[in-house]
Amino acid sequence: MTPRALGALLLGASCVLLSGCASLSALLGGASPVPRSAAASDAPQKLAYELEVRAPGELRALLLQHLDLARFRLLDEGQALSASELARLATAAPAQARSLLETEGYFEPLIELRRESGPVERLIVSVDPGPRVIINAVQIDFSGALQPPEGDAPPADAAERQRAERLRAELQRSWGLPEGRPFRQSDWSSAKTALLTRSRASGYPLARLALSDAELDTESRRAVLRLSLDSGPLFRLGEIRIEGLQHQPPSTVLRLADFRPGTPYSEKLLLDFQERLQATLLFDRVSVELDSAESGSASAPVLVRLREAPRQQATTGLGFNANTGQRVTLEHLHRKPFGLDMRSRSKIDFGRDLRSAELELTSHPQTDMQRNLGSLAFEEDRSSSTINTSLIGRLGRLREHAQDERLIYLELIRSRERNGALSTDTGALSINSQWTRRRVDDKLLPTDGHTAWLQLGLGRADNSGGINGAFGRAQIKLGWYRPLPKGWHSELHLDAAQVLVKGGIAMPDRLLFRAGGDNSVRGYAYRSLGPTVGGREVGGRALLTGSAELAHPISKSYPGLWGAVFVDAGDAAENFGALKPVLGYGAGLRVRSPVGSLRLDLARGHELGRWRLHFSVGIAL
């Protein structure tokens, strides 16, 4: 690189990176042309002179941001800019502009500054950037453990040699400033940083650039980039050292590490390990890092620093649900019940229309994030003319990932339905598989992406007054989120389900379907849409509901408060042929909170001709 080009790059980079200082001349040891920049004061200001920059779009913005002439146009009341100070600013402007343009790859610009007299003096900076320097060649050499072997590697080193070859090829392929691209100082710096970051994350945390040179030929307008990456030694993961355990055994941590001592270091391996530990919900704080103090090509310990969550937690609550009325809840969580390596959760929910009690036991997750679970629950639903009481037991296995979940479980249900003096007992034993898929930008507050939830089940139903027999059950829920122009956001939801069973076989109401309510068809009461038998509401064997919604922030001052309009439609029936979808529509408010989107909706049930208020917390599946 020529001395002139090198000086220009350093000077321009300093001007860009340190633009918050008083002026470029101050960086070089001179005095500031005014006591302080206009941006440094909140007092009333006046225009000292007008400035016009005539240059192509991005270059104009660059000059207006960093030229001293642009930054000292405004003065505080009582301040004045002398003729000599303005002359010094004007004289320095072309050199400053040239330095800034050279950081963008323009080394032969034509810059003209003209001053026009008037009530307020006007300064015009005209810029013709000229041709831009283009990258002609890139050369990346490697030393250290990544240095290519001079001869054939011994058979014992074959795996490591292949790994190094793959990484060298990946680093070459992912280089961020390839041939044919314009040379920009900021791109040059970013590409070198990315090269080091990728190398350090791939097993070489001591990697450094032994050589970094940009040779610029301003006459031919070509740049040749030369780099030498000294990778240092390949780090291998050593023993896992755990700090902070009090009640949980080390095996709870160790079983989640999907690597062995001697595995080549990878930042992703440690990040995945850290995420799995966080997902156990056993720890309030988790940190996993390599102990680089004990460096070398053999191994380095993996430090796991933890802070355990409280062994026991109790939560109480008072609330109101638009579907089921007022409620009182009590929940207790124990992360090591009876000294066993599992987690227990017990919950009592006493509401006006829905009452339940539940006990759930789950094992600590294995390396593949699978948990064994068992639960026992009692529920009583009084939301319709029929009172449904159910006892539900489950045994299964849950596998959790950041975006996906899979649950396989065996379920036993015993139910009693009471309507006045009539009483019917039903039951079912089934095996079920459930999948959840999330591809959204935010799990709690999605604005872009999609979700899917699918459940399939096979079982046998029995009842006290009818035919017993086998059944199949399927349900799918889909969600779609997309941002729209001008700050609008859209949501679409679909819920479809069916029970396949011979006529005459009675099913527990819990396995059948009804529509209506906050998260179904708004404008109608909770579970009010479905078939009736003898004037009595019963669950249907088919369900189809859909929803479309548009939302927009109400004010820039409150970006978390949105207004929304929506249309819902759907019904539940004995079969899809008997479905008679009803319509609900309205408007509402959305408060985007840390626990999800709090929704308050006023909806009109088209078939009923009445308005209904709904309140819920919307969370992506």
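Could you provide, to the nearest whole Å², the per residue accessible area of region 70-201 with probe 1.4 Å?
Working: 6800 Å² over 132 residues.
Here the residues of region 70-201 average 52 Å² of exposed surface.
Suppose R0 equals 35 Å. What FRET efficiency, 1/(1 + (r/R0)^6) with r the Cβ-Cβ distance, do S189 and A95 give to the nearest 0.05? Spell out each step's value before the answer.
On the way: r = 22 Å, r/R0 = 0.64.
It comes out at approximately 0.95.
Would you mind computing, in nm to one decimal, how far apart the modelled labels at L81 and V224 are, each placed 7 Å from Cα along Cα→Cβ?
Roughly 4.5 nm, to one decimal.
Once Lys and Arg get +1 and Asp and Glu get -1 on their Cβ, which of V253, Q172, F338 lies farthest toward the positive end of the dipole of the chain?
Selected residue: F338.
Restricting to the chain, what percent of DSSP beta bridges are antiparallel, rounded to 5? Don't skip to the end; give the middle numbers.
Values: 204 of 224 bridges.
If we restrict to bridges inside the chain, about 90 percent are antiparallel.
Can you pull out the chymotrypsin sites (Phe, Trp or Tyr not before Pro) in region 197-268 whose DSSP state is coil and whose Cβ has at most 14 other Cβ atoms within 10 Å?
Hits after loop and neighbour filter: nothing returned.
Rounded to the nearest 500, what is the chain's calculated 222 nm mean residue ellipticity when only DSSP H runs of at least 4 contribute -39500 (n - 2.57) each, over all residues? Show your work: numbers first, answer last.
Values: 9 runs with 105 residues, N = 621.
So the helix-based figure for the chain works out to -5000 deg cm²/dmol.
Just the accessible area for H606, please: 1.4 Å probe, Å², rounded to the nearest 10?
The accessible area of H606 comes to roughly 100 Å².
How big is the accessible area of M342 in square angstrom, nearest 10, if you roll a 1.4 angstrom probe over the protein chains?
Only protein atoms counted, so the area is about 50 Å².
Could you check how much of the accessible area of the chain is carbon and sulfur, as a whole percent, using a 1.4 Å probe?
On the way: 17260 of 31580 Å².
The nonpolar share, carbon plus sulfur, comes to 55 percent.
Looking at this model, which pairs from K192/K268; K556/K580; K268/K443; K347/K477; K486/K580 are more than 32 angstrom apart at the alpha-carbon? Please report the intermediate quantities before stating the final value.
Details: K192/K268 21 Å; K556/K580 42 Å; K268/K443 22 Å; K347/K477 26 Å; K486/K580 36 Å.
Exceeds cut-off: K556/K580; K486/K580.
Which helices, taking whole DSSP H runs in the chain, have alpha carbons extending 15 angstrom or more along the helix axis plus mean Kyte-Doolittle at least -1.0? Don't jump to the answer; show the numbers that get you there.
Details: long enough: 3-17 (21 Å, 1.56); 83-103 (31 Å, 0.18); 158-173 (22 Å, -1.57); 185-201 (24 Å, -0.73); 267-279 (18 Å, -0.47).
Membrane-span-like by this criterion, though nothing is claimed about a membrane: 3-17, 83-103, 185-201, 267-279.
Return the percentage of antiparallel bridges among DSSP beta bridges fully within region 81-226, rounded to the nearest 5 %.
Values: 14 of 19 bridges.
Bridges in region 81-226 that DSSP calls antiparallel: roughly 75 percent.
On a C-alpha basis, how far is the centre of region 71-110 from the centre of region 408-426 in Å? Whole number, if you could?
Cα centroid to Cα centroid, the span is 83 Å.
Hey, can you find the accessible area per residue of region 485-568 for me, probe 1.4 Å, expressed in square angstrom?
Per residue, region 485-568 has 46 Å² of solvent-accessible surface.
Within 10 Å of each candidate Cβ there may be at most 14 other Cβ atoms; applying that plus a DSSP loop requirement, which GluC sites (Glu not before Pro) in region 161-232 survive? Don't jump to the answer; show the numbers that get you there.
Values: sites: E165, E170, E179, E215, E219; in loops: E179, E219.
Qualifying residues, ordered by number: E179, E219.
Distance in nm between label sites at Q246 and F338, each 7 Å beyond Cα in the beta-carbon direction?
Inter-label distance under the simple model: 2.5 nm.
Taking K502 as the anchor, which aspartates and glutamates have their alpha carbon closer than 16 Å to its alpha carbon, excluding any fewer than eight residues away along the same chain?
D462, E574
Candidates (1) 102, 76, 45; (2) 75, 57, 48; (3) 67, 55, 48; which is the computed Cα extents along the principal axes in Å?
Step by step, Cα extents along the principal axes in Å for this structure corresponds to label (1).
With a 1.4 Å probe and all protein chains kept in place, how do L281, L69 rank by accessible area, largest first? Could the numbers behind the result be given before it?
Values: L281 90, L69 0 Å².
So the residues, ranked largest to smallest area, are L281, L69.
Using a Förster distance of 45 Å, how high is the FRET efficiency between Q139 and Q65, based on the Cβ-Cβ distance and rounded to 0.05? List each step's numbers first, then the result.
Values: r = 34 Å, r/R0 = 0.75.
Step by step, r from the Cβ atoms, then E = 0.85.
The values are calculated or read from the model by the stated rules, or taken from the named source; none is laboratory data. Bear in mind the structure is a predicted one, so any value in this text is a computation, not a measurement. Reconstructed Cβ throughout: ideal geometry from the backbone, glycine too, with neighbour counts over all protein chains shown. We work out accessible area using only protein heavy atoms, side chains counted, and drop any ligands, DNA or RNA first. Shrake-Rupley method; radii C 1.70, N 1.55, O 1.52, S 1.80 Å.
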